[in-house]
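For reference, the structure is listed below as structure tokens.
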Amino acid sequence: MFWLKKIISQLFMPLPLTLLLLVIVLLLIRDQQRLRLLLGLAIGLLLVLSSQWGSQAIGLSLEEQYSPNNRAMNSPCVVMVLGSGHDSTVSTYPTQQLSATALARLTEGLRQLRLVQGFGLGLGHEASHGLAQECQLVVSGWGGSDALSHAEVMAAAAGELGVDPSKIIQFPEAKDTLEEALLLRQVIGDAPFRLVTSATHMPRAMMIFTYLRMHPEAAPGDFIARNGYWWKLDARNLLVSQRAIHEYVGMLWLKIKFTLSGDYVSGDVSDVVGRHSTQQS
């Protein structure tokens, strides 16, 4: 009865119900071979991308490229957490304003800082002195339609979680990963640093930073390609597939962009960011 209940309840969920209706339509269409072919392709695509096995396969192809980073760091150090999303209207607390992805990235960034002995995350005033004082947390991201920039909310959330505000660098004007990389390069040059972002996004981020001749050390977080019931069709699986496809399209676009434009390596950051922002608008 347990499994029967699970299976029957699944038929009333949005994705399985939509697929069932599409299959019924496919069976009722007896003519128009091309229409049947396209409809069958749409059903198959939705079935694979919303399944646990399909979404995990495409998600793991990105997430398994970089393992969780547990290596200790020496001070001075830089930990850069790439931006995601937020909504400053949902709460007065910065940690609650962050999207789930942004909060997962920030959490991993703080975990990386804890790998520096005596960094001082809630460890008292004495722990903030010495070489660890030279470690910096970098957060970035513009506000879009929000009144607050993403960098500002991330910095406030980090402060709420125990990071000394004087150790936080903000890039509130960065609109995407390329601009984040260009702005960081302006500050640290080719010095090594620890790069934190979602595991699915890490391959594309590393592509950008290494293309700019920077020296990132990957510290992925926000792993979303997880095990589950193979037969279950779920919107969460579809989200994993969507994010993975977004990354593959983004990497393809970067290869084209970097092939056609070589000024990102040696160009002036203000000119490149300004020109890039104009192209995005």
Complete set of residues in segment 137-154 that are in contact (Cβ under 8 Å) with a residue 60 or more places away in the chain, of a type in the set (A, V, I, L, M, F, W, C) and open to solvent by 10 Å² or more (accessible area, probe 1.4 Å): 148
Members of segment 234-250 found to be open to solvent by less than 70 Å² (accessible area, probe 1.4 Å), part of a helix (DSSP H, G or I) and among the charged types (D, E, K, R), listed by number: 243, 247
Matching option when the condition is over 21 Å from the mean Cα position of the chain (by Cα), at pLDDT 95 or above and under 24 Å from residue 85 (Cβ atoms), among 187, 139: 187
Checking residue 175 against (1) modelled with pLDDT under 95; (2) at positive phi, the condition it does not meet: (2)
Check on residue 201, surrounded by 20 or more Cβ atoms within 10 Å (Cβ to Cβ) and within 21 Å of residue 254 (Cα to Cα): yes
Pairs with Cβ under 9 Å, 6+ apart, first in segment 210-226 and under 20 Å from residue 182 (Cβ atoms) and touching a residue at least 60 places away in the same chain (Cβ under 8 Å), second of a type in the set (Asp, Glu) and open to solvent by 20 Å² or more (accessible area, probe 1.4 Å): none
Positions within segment 159-203 being in a helix (DSSP H, G or I) and within 19 Å of residue 142 (Cβ to Cβ), in sequence order: 177, 178, 179, 180, 181, 182, 183, 184, 185, 186, 187
For residue 204: the one exception among (1) of a type outside the set (Asp, Glu); (2) over 24 Å from residue 261 (Cα atoms); (3) free of Cβ contacts under 8 Å to residues at least 60 places away in the same chain: (2)
Complete set of residues in segment 209-231 that are at pLDDT below 95 and touching a Leu at 6+ places or on another chain (Cβ under 6 Å): 225
Selection from segment 207-227 of residues that are open to solvent by less than 20 Å² (accessible area, probe 1.4 Å) and either more than 25 Å from residue 54 (Cα to Cα) or among the hydrophobic types (A, V, I, L, M, F, W, C) (or both): 208, 209, 212, 214, 218, 219, 225
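Which of the residues spanning segment 78-110 are in a loop (DSSP other than H, G, I, E, B) and surrounded by fewer than 23 Cβ atoms within 10 Å (Cβ to Cβ)?
Filtering segment 78-110 for residues in a loop (DSSP other than H, G, I, E, B) gives 82-85, 87-93, 99.
84, 85, 87, 88, 89, 90, 91, 92, 93, 99 - these are the residues of segment 78-110 that are in a loop (DSSP other than H, G, I, E, B) and surrounded by fewer than 23 Cβ atoms within 10 Å (Cβ to Cβ).
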Subset of segment 111-136 that is open to solvent by less than 30 Å² (accessible area, probe 1.4 Å) and under 22 Å from residue 188 (Cα atoms) - its residue that is modelled with the lowest pLDDT: 128
Filter pass, residue 62 being assigned to a helix (DSSP H, G or I), open to solvent by less than 40 Å² (accessible area, probe 1.4 Å) and in contact with a Ser or Thr (Cβ under 6 Å, 6 or more places away or on another chain): yes
Residue that is least open to solvent (accessible area, probe 1.4 Å) [pool: residues in segment 26-44 that are more than 34 Å from the chain's Cα centre (by Cα) and closer than 22 Å to residue 54 by Cβ]: 26
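Just wondering, is there one or more residues in segment 67-75 that are free of Cβ contacts under 8 Å to residues at least 24 places away in the same chain, surrounded by fewer than 14 Cβ atoms within 10 Å (Cβ to Cβ), closer than 22 Å to residue 209 by Cβ and under 17 Å from the mean Cα position of the chain (by Cα)?
no
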Residue match in segment 253-263 (condition: surrounded by 13 or more Cβ atoms within 10 Å (Cβ to Cβ), at pLDDT 85 or above and either of a type in the set (A, V, I, L, M) or in a loop (DSSP other than H, G, I, E, B) (or both)): yes
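The values are calculated or read from the model by the stated rules, or taken from the named source; none is laboratory data. Note that the structure is predicted; figures quoted are calculated from it, not measured. Neighbour counts run over all protein chains shown; Cβ positions are idealised from the backbone, glycine included. Only protein heavy atoms, including side chains, enter the accessible area calculation; ligands, DNA and RNA are left aside. Shrake-Rupley method; radii C 1.70, N 1.55, O 1.52, S 1.80 Å.
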